[in-house]
Amino acid sequence: MADKPWVAFYWCGSCGGCEEAVVDLAEKILDVVNAVNIGFWPVALDFKKSDVEEKPDGFFAVSFINGTVESDEHREMVELLRRKSGLVVAFGSCSHMGGIPSLRNLYDVRDCVNYAYTKTVSTVNPEGTIPQPRFKHPAGHETTTMNLEETGKALDQVIDVDYYLPGCSVPAHLILDAVMAILSGNLPPKGSVLSPSKALCSVCPRQETKPEKMQVKDIKRHHLSEDDGTCFNAQGMICMGPATRSGCGSPEKDNAPRCILVNMPCHGCFGPPDGTLDQGLAMLSAIASDLDYTPDEEADIDRIIEKIADPAGYFYLFGTAKSLIHGRPAGEGKTKPVEVPKEGGA
Amino acid sequence: MYEPKIVAFFCNWCTYTGADLAGVSRMQYAPNVRVIRVMCSGRVDPELVMKAFADGADGVLIGGCHPGDCHYQLGNHKTFRRYKLLKALMPQFGVDPERLHLEWISASEGDKVRDTVNSFTEKIRKLGPSTVPDTLNTLRSKEVEHG
């Protein structure tokens, strides 16, 4: 046991899907467990922060950290794990690019908290109670909890990251390849994303149906439209394939992209190929240039573009934190913090 | 006094040549623009525009050939589509879409280069300095108490 390398898993602002992905290794997880010792994995095993603190620096061969860095607690934990680990792997879209939680960077964090706790359809909160970073109990003692930061951040915006495993969630074959590469020491240069850099379209089974010249006449919503089985972008359903790296598809299924296999357009969870500054803008550029040329150009383009109701939501679903303008500046058009009503929600 | 910083992407075949004409005709225009010559306005990727804003530009001006006149057939038509969609995205990231402007200027329209640069500079001067760089810095570090 002593000569096996130690690994740690940690989750920040995360849905738990990345933890699930580890379990998705199915029987292959036995190979992984045979090869390593797990020294920290709060979601599955009973470890405490002190179990990490008492270890010497660099004790863990590798830490797999998933989730968006959203609070002072996450920051403290990832900084601790960075000290105690030889390698840090950003695991999944959230730690790679900020993920879905970082869409909140487009809004004021106070608005988001107020909305989530008082205004959503499924919330029953007649007293308008909102979690506080500090709470003084009438009996005298004080409780502190985590404190949200202004923006949700990708892992490498907080600590030094050695490798990235992309995906929401990370597919099992990539996890296994990464673990084996780390164990064998056969690693690519630091900072690499452990997935092919070619665009998703290059392995798409619908690639053959992509016309020579794209002439998109309308933007359609996927769940409201009939899919004729051809290239989604040619049909006018936005597919992030052109601006997304490949690697999500299992080699057992010819590397065909996961979402396309179940007739869904790509949502871009793998992030952009190497060398792309901003995935959302790359996709915006691709879809805009696919629009058809018509005599009444301006009116037609306006009509089509109006159908893209939420461009940021489409193009930055998984990567707002890594966008060039990675949050909404204060001032310009920003809403004021919402006053939470004392009684009853809105 | 606040002087706007404006990045201008001019296409080689029309607008840049038009700017050359303005120069040899000794037309005076606002010195706030930093002109970058590109082979075609279709080369102006939205990434370049947003990077200019992220790096501190107060405004971005794109100049291309008139529709139908593109040296590469359809480059400026693609620019127009990207420009329209980018304008729809910009408010979501808190950048005023008025800070981005597209103008068709041919090689013979030196006076239009002068007028466009002058009027766009005045517009950006009225809008004031862009808040993007400052906010990027604060957002990256600041912690707040919610609630």
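Things worth noting here:
- Test result for residue A:159, more than 14 Å from chain B (Cβ to nearest Cβ) and either modelled with pLDDT of 90 or more or touching a Cys at 6+ places or on another chain (Cβ under 6 Å) (or both): no
- Region A:99-128, residues that are out of contact with any strand residue (DSSP E or B) (no Cβ under 9 Å at 6 or more places or on another chain), hydroxyl-bearing (Ser, Thr, Tyr) and in a helix (DSSP H, G or I): A:115, A:117, A:118
- Yes/no for residue A:63 being among the small types (Gly, Ala, Ser), in the same structural domain as residue A:168 (by TED's automatic domain parsing) and out of contact with any helix residue (DSSP H, G or I) (no Cβ under 7 Å at 6 or more places or on another chain): no
- Count - residues of region B:51-69 that are without any contact (Cβ under 8 Å) to a residue 40 or more places away in the chain and at negative phi: 2
Quick grid of which residues meet (1) free of Cβ contacts under 8 Å to residues at least 12 places away in the same chain; (2) among the small types (Gly, Ala, Ser):
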{"residue": "A:134", "(1), (2)": "yes, no"}
{"residue": "A:140", "(1), (2)": "yes, yes"}
{"residue": "A:156", "(1), (2)": "no, no"}
{"residue": "A:164", "(1), (2)": "no, no"}
{"residue": "A:170", "(1), (2)": "no, no"}
{"residue": "A:183", "(1), (2)": "no, no"}
{"residue": "A:200", "(1), (2)": "no, no"}
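- Looking only at residues in region A:33-82 that are among the hydrophobic types (A, V, I, L, M, F, W, C), surrounded by 16 or more Cβ atoms within 10 Å (Cβ to Cβ) and in a helix (DSSP H, G or I), the one that is nearest to the chain's Cα centre (by Cα) is A:78.
- Flag for residue A:159 being assigned to a loop (DSSP other than H, G, I, E, B), among the hydrophobic types (A, V, I, L, M, F, W, C) and over 24 Å from residue A:111 (Cα atoms): yes
- Only one of A:207, A:132 that is closer than 19 Å to residue A:244 by Cβ and over 23 Å from the mean Cα position of the chain (by Cα): A:207
- For region A:98-155, a residue qualifies if it is within 23 Å of residue A:79 (Cβ to Cβ) and facing chain B (nearest Cβ under 9 Å), and the qualifying residues are A:105, A:109, A:133, A:134, A:147, A:148, A:149, A:150, A:151, A:153.
- Subset of region B:86-115 [over 15 Å from the mean Cα position of the chain (by Cα) and within 12 Å of another protein chain (Cβ to nearest Cβ)]: B:88, B:89, B:91, B:92, B:93, B:94
- Residue A:16 fulfils the conditions (1) surrounded by fewer than 17 Cβ atoms within 10 Å (Cβ to Cβ); (2) on the phi > 0 side of the Ramachandran plot; (3) of a type in the set (Gly, Ala, Ser); (4) in contact with a helix residue (DSSP H, G or I) (Cβ under 8 Å, 6 or more places away or on another chain) except for a single criterion, (4).
The values are calculated or read from the model by the stated rules, or taken from the named source; none is laboratory data. Just so we're clear, the structure is a prediction, and the values are computed from it rather than from any experiment. Positions of Cβ are backbone-derived with ideal geometry, glycine not excepted, and every protein chain shown enters the neighbour counts.
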